[in-house]
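This report concerns only the one structure given below.
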Amino acid sequence: MIPFVDLNRQYVKYKEQIDHAIKSTLEESRFILGAAVNGFENSLAEYLGIDHVVSCGSGTDALELILQAYGIGAGDEVILPAFTWVSNAEAVCNVGATPVFIDVKENTYNLNADQLENLISPKTKAIMAVHLYGLSCDMDRIMELANAHNIIVIEDVAQALGASYKGNKLGAIGHVAAHSFYPTKNLGAFGDAGAISTNDGEIADKIRLITNHGQTSRDVHVLNGRNSRMDTLQAAILEEKLKYLDEMNDIRRGNALHYNECLRSLNIGLPQGIDSPNHSNHIYAIRSDQRDELKSHMAESGVNTAIHYPTALPYMLPYAKYAEGQNFPIARRLSKEELSLPVFPGLTQSELADVVNATKEFFK
Ligand SMILES: *Cc1c(COP(=O)(O)O)cnc(C)c1O
């Protein structure tokens, strides 16, 4: 069976460096806020070309910490795409704010900036620009509208680390950004981990305080915080793996381009922009109106595929009440048509060929 993702292949490839990082951490035994945590934050800040990176427990925490640091809560509205991973809605609801869903664009899968102006109200405090599957949002338009209305733009780079927009790395364009190092992400830890990036020193300081119990020094608590820190072990692993992120992303791009080349004559929707630096190729998403049959056929042919995502947020039990009487036709359609093919770095040439052949066979 060809796996949808195989993390072990990545580990084996960089085993020596990773094992060394883990061993050093164990020997140092500073498991919380050890030297590697700051080390990784600085390396990521340099990679992104940004002033501040603050690490935290997960990408979901990063989103919530950002909202909390900006004082966004009850009575405030946050605009987020109807079609994304659940974390975006969760974070908004967890701080007591109201999610306002915006439909996505059929060709990019990202939020439709044409509809933004209509959704902005005096209560709107932030927009979550989720770079879905790894493709950059239309950042110029989003920033222009947000700045005109005094609204914070939160980039969600969970799927797009390494990609850029007009020469700037994603995560260094909005007012602030959330990153995830969930194991299957382009830069994956060996457990949960996340970070925020920003050029705003005040926000960075505030988030750092919140992640560590609002503590400025031992037993001095200046605000109500929480515990959301990146383990030293994860930071040490990530610092090592960051050196290979571009290399791994290039392999993803090569795999995606190979698929686009081989599948273009078929009656399926292919992802756009995968050959540009705007795409991290986190997920290779195709579209078919026979998606479920295609998925079964792939499984029977020995190929594991995935669906990102089978239910759009406004149609989920906890969030439907925020979308009453509204329609999200593109999000709904994508949730029925999207299928993700394996694209992870480590796929062999023969596996790539098998995925192509299995897909072609279905449309014969
Ligand atoms: C993975 C992901 C997150 C959440 O990251 P975790 O580290 O798993 O909490 C948030 N947003 C998007 C778009 C994601 O894909």
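The table that follows gives values for the structure above.
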| read-out | value |
| --- | --- |
| Members of Lys169/Lys241; Lys185/Lys243; Lys15/Lys185; Lys105/Lys336; Lys13/Lys295; Lys169/Lys295 lying beyond 22 Å, as alpha-carbon distances in this model show | Lys13/Lys295; Lys169/Lys295 |
| Percent breakdown of C-alpha pair distances by 5 Å bin, ordered from the shortest bin, for the stretch 199-305 | 2, 10, 11, 12, 11, 10, 9, 10, 9, 8, 4, 2, 0 |
| Where the Cα pairs of the chain fall when distances are cut into 10 Å bins, in % | 5, 24, 32, 25, 11, 2, 0 |
| Trypsin sites (Lys or Arg not before Pro) within the stretch 215-244, DSSP loop, no more than 11 other Cβ atoms inside 10 Å | Arg218 |
| Three-way shape label, the stretch 150-208, alpha-carbon gyration tensor, a/c 1.5 | oblate |
| Size of electric dipole in the chain: Cβ of Lys, Arg +1 and of Asp, Glu -1, about Cα centre, debye, nearest 20 | 320 debye |
| Given 16 as the ceiling on other Cβ atoms within 10 Å, longest exposed-site-free region of the chain for GluC sites (Glu not before Pro) in DSSP loops | 107-323 |
| Computed label-point distance, nm, for sites Cys262 and Ser301 using a 7 Å Cα→Cβ extension | 0.9 nm |
| Theoretical gain in end-to-end length, Phe363 to Asn199 [0.36 nm per residue, Cα-Cα removed] | 54.1 nm |
| The stretch 118-175-the stretch 283-306 distance, computed between alpha-carbon centres (Å) | 31 Å |
| Order of Tyr133, Tyr322, Tyr47 - criterion: other Cβ atoms within 10 Å of each residue's Cβ, fewest first | Tyr322, Tyr47, Tyr133 |
| Percent RCO, i.e. relative contact order, over the stretch 134-233, from Cα pairs under 8 Å lying at least 6 residues apart | 17 percent |
| Dipole-positive endmost among Leu119, His149, Val130 within the stretch 10-152 (Cβ charges, Cα centre) | Val130 |
| MRE, 222 nm, helices only [DSSP H, n ≥ 4, -39500 (n - 2.57), over the chain, to nearest 500] | -12000 deg cm²/dmol |
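Read-outs: derived from the displayed coordinates by stated rules, not from any lab. This one's a predicted model, so the numbers in the text were calculated from it and none came from an experiment. Methodologically, a virtual Cβ is constructed for each residue, glycine included, from the backbone with ideal geometry; neighbour enumeration extends over all protein chains shown.
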